[in-house]
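Below is one structure, written out as structure tokens, with a few remarks after it.
Derivation of every value follows stated rules applied to the coordinates shown; laboratory data play no part. Just so you know, these numbers come straight off a predicted model, no measurement behind them. No Cβ is skipped: glycine too gets one built from the backbone with ideal geometry, and neighbour counts run over all protein chains shown.
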Ligand SMILES: NC(=O)c1ccc[n+]([C@@H]2O[C@H](COP(=O)([O-])OP(=O)(O)OC[C@H]3O[C@@H](n4cnc5c(N)ncnc54)[C@H](OP(=O)(O)O)[C@@H]3O)[C@@H](O)[C@H]2O)c1
């Protein structure tokens, strides 16, 4: 299924943001790329690489103009994300690293998940978790055309089924099979420290790893 989105806004121009930008441009979308320090500081290499498929933007422009928004910034900065128009689909590729993000007791105690925190900050958006369990380099290294047998798979999780289906279609366009694991609350099953986190898995293998996950409570 082809995703009809045309303008994809990306918050974050680091490891993950640049890789998502490459996949989106390769799939024929226009990319708005932003960072925290303003458009002048977005790495010029990625802008040259994207050519006419990419625009250096502010975070405010990304959320206002992106038909779909990707969050690829540290979790500690989620509270800086401006509110997008109601109903906007927001893909969350983020993870929790306490050394980087600070200790977040609700996550340590297993009372919520990374993407539920983003959904709570963006109550009118439709947050879908995807790609968080990939190493950034794999986004381009492992992408394969739709229909390729034994492709690498990404989970999709979200509270809105239509948004999950849209993101699943985008995942397929980007080069991966999609495994729908249901609501955002299931996201802990692919967060840091779980069997699904980082290695390459096909959809069937990923489903098995998702089932094998055990919730870690560090407190
Ligand atoms: N690296 C990986 O392999 C990988 C894989 C899966 C998931 N993730 C997750 O993806 C997220 C990003 O990781 P990363 O490795 O891509 O980080 P990174 O290379 O450090 O890049 C972070 C980017 O976020 C930007 N940023 C920070 N706050 C922002 C804000 N409020 N608005 C807009 N942009 C903002 C930074 O801009 P400035 O440079 O201007 O501050 C930078 O461009 C993290 O949650 C990480 O755990 C990473």
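Observations on the model:
- Proportion of all alpha-carbon pairs of region 134-219 beyond 22 Å (%): 23 percent
- Kirkwood Rh, angstrom, region 180-219 [1 / mean 1/r, Cα pairs]: 10.5 Å
- Region 7-212 pair-distance distribution - Cα-Cα, 5 Å bins, rounded %: 1, 8, 17, 21, 22, 17, 10, 3, 1, 0
- Legend: calculated FRET efficiency, residue 208 to residue 53, from the Cβ-Cβ distance at R0 = 41 Å, rounded to 0.05, equals 0.65.
- Mean separation of Cα contacts under 8 Å, 6 or more apart, over the residue count of the chain: relative contact order %: 18 percent
- Here the sum of -39500 (n - 2.57) over DSSP H runs of 4 or more residues, divided by the residues of the chain, equals -8500 deg cm²/dmol at 222 nm, to the nearest 500.
- Subtracting the Cα-Cα distance of residue 36 and residue 6 from their residue separation scaled by 0.36 nm leaves 8.4 nm.
- Spin-label model distance (nm) - residue 108 vs residue 142, 7 Å beyond Cα toward Cβ: 3.0 nm
- Most to least packed among 112-121, 206-215 [average Cβ atoms within 10 Å]: 112-121, 206-215
- For region 24-120, the fraction of C-alpha pairs farther apart than 16 angstrom is 60 percent.
- Remark: C-alpha extents of region 18-63 on the principal axes read 27, 22, 17 Å, sorted largest to smallest.
- Ranked packing of 24-31, 173-180, most packed first, by mean Cβ within 10 Å: 173-180, 24-31
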